[in-house]
């Protein structure tokens, strides 16, 4: 009888759980370098996603490791295979947990990326108490701009994603207030889309709650 002998592939003693624990318990700069956030912020994010947005640990992957691999993939210029080796999990496991965290983060984003006062009844103190801005900017609620983020897309879609940068990008429109907090973000537009087009589309769609 012919059969295949399966040898364990991810058998390093430095598991993903061990590595994340080492990062969190090591020098503070390591957490920032690997996950692009400070340790206390990382721990608070894990707690919020678990308690409020239904992110659940599994038998083999803790909440810390799930969030760690998610942030690692976003912040480091590596591939899924690099993440497999770093966290000692299969590609299927990496993909599943990445999308679980992504789903929780998207729900979290809907609750925090919004104006503090949607009615904008009062002039902000940053304007009211500064003679350089008041009364000239008394109705200003923030700043808006578009930014191009490099992306990989299927070959048959690359044409519309190549804009003035000369390579495939997605054009993201973002709004922030005077506290430098995002109040609106619209991602997913092709790199060839003009900022004005995205802005006008946001105005036409009440469901987006554009400020």
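The values are calculated or read from the model by the stated rules, or taken from the named source; none is laboratory data. All of these numbers come straight from a predicted model, not from anything done at the bench. Glycine gets a Cβ as well: all are built from the backbone with ideal geometry, and neighbour counts include every protein chain shown.
Could you tell me which numbered condition residue 54 fails, if it satisfies all but one of (1) touching a residue at least 40 places away in the same chain (Cβ under 8 Å); (2) over 19 Å from residue 93 (Cα atoms); (3) assigned to a loop (DSSP other than H, G, I, E, B)?
Condition not satisfied by residue 54: (2).
One residue is enough: does segment 3-18 have a residue meeting the conditions buried (at least 18 other Cβ atoms within 10 Å of the Cβ), without any contact (Cβ under 8 Å) to a residue 60 or more places away in the chain and assigned to a helix (DSSP H, G or I)?
Scanning segment 3-18, I find no residue that is buried (at least 18 other Cβ atoms within 10 Å of the Cβ), without any contact (Cβ under 8 Å) to a residue 60 or more places away in the chain and assigned to a helix (DSSP H, G or I), so the answer is no.
Please state which one of 187, 202 is buried (at least 16 other Cβ atoms within 10 Å of the Cβ), at negative phi, touching a strand residue (DSSP E or B) at 6+ places or on another chain (Cβ under 8 Å) and without any contact (Cβ under 8 Å) to a residue 40 or more places away in the chain. Talk me through it step by step, then tell me what you get.
Numbers: 187 fails: buried (at least 16 other Cβ atoms within 10 Å of the Cβ).
So the residue among 187, 202 that is buried (at least 16 other Cβ atoms within 10 Å of the Cβ), at negative phi, touching a strand residue (DSSP E or B) at 6+ places or on another chain (Cβ under 8 Å) and without any contact (Cβ under 8 Å) to a residue 40 or more places away in the chain is 202.
Tally up the residues in segment 177-211 that are under 28 Å from residue 127 (Cβ atoms) and under 16 Å from the mean Cα position of the chain (by Cα), please.
First, pick out the residues of segment 177-211 that are under 28 Å from residue 127 (Cβ atoms): 177-186, 195-196, 198-200, 202-203, 206, 208-211.
Those still in the list that are under 16 Å from the mean Cα position of the chain (by Cα) too: 181-186.
Within segment 177-211, residues that are under 28 Å from residue 127 (Cβ atoms) and under 16 Å from the mean Cα position of the chain (by Cα) number 6.
Just checking, does segment 110-120 include any residue being more than 30 Å from residue 17 (Cα to Cα), without any contact (Cβ under 8 Å) to a residue 60 or more places away in the chain and either out of contact with any helix residue (DSSP H, G or I) (no Cβ under 7 Å at 6 or more places or on another chain) or part of a helix (DSSP H, G or I) (or both)? Even if it seems obvious, please write down each step before you answer.
First, pick out the residues of segment 110-120 that are more than 30 Å from residue 17 (Cα to Cα): 113-120.
From what's left, without any contact (Cβ under 8 Å) to a residue 60 or more places away in the chain: 117, 119.
Next cut, either out of contact with any helix residue (DSSP H, G or I) (no Cβ under 7 Å at 6 or more places or on another chain) or part of a helix (DSSP H, G or I) (or both) only: 117, 119.
Checking segment 110-120: at least one residue is more than 30 Å from residue 17 (Cα to Cα), without any contact (Cβ under 8 Å) to a residue 60 or more places away in the chain and either out of contact with any helix residue (DSSP H, G or I) (no Cβ under 7 Å at 6 or more places or on another chain) or part of a helix (DSSP H, G or I) (or both).
When the residues of segment 118-158 are filtered to those that are more than 20 Å from residue 186 (Cβ to Cβ) and touching a strand residue (DSSP E or B) at 6+ places or on another chain (Cβ under 9 Å), which remaining residue is surrounded by the fewest Cβ atoms within 10 Å (Cβ to Cβ)?
152
Taking the residues in segment 24-46 that are more than 16 Å from the chain's Cα centre (by Cα) and assigned to a loop (DSSP other than H, G, I, E, B) as candidates, determine which candidate is surrounded by the most Cβ atoms within 10 Å (Cβ to Cβ).
26
Yes or no: residue 96 closer than 21 Å to residue 14 by Cβ and either crowded, with 18+ Cβ neighbours inside 10 Å or modelled with pLDDT of 90 or more (or both)? Spell out the reasoning first.
Working: closer than 21 Å to residue 14 by Cβ: no; either crowded, with 18+ Cβ neighbours inside 10 Å or modelled with pLDDT of 90 or more (or both): yes.
Here the answer is no, as residue 96 does not meet what is asked.
So for segment 50-60 (the condition being in contact with a helix residue (DSSP H, G or I) (Cβ under 8 Å, 6 or more places away or on another chain), crowded, with 20+ Cβ neighbours inside 10 Å and farther than 27 Å from residue 179 by Cα), does at least one residue qualify?
There is at least one residue in segment 50-60 that is in contact with a helix residue (DSSP H, G or I) (Cβ under 8 Å, 6 or more places away or on another chain), crowded, with 20+ Cβ neighbours inside 10 Å and farther than 27 Å from residue 179 by Cα.
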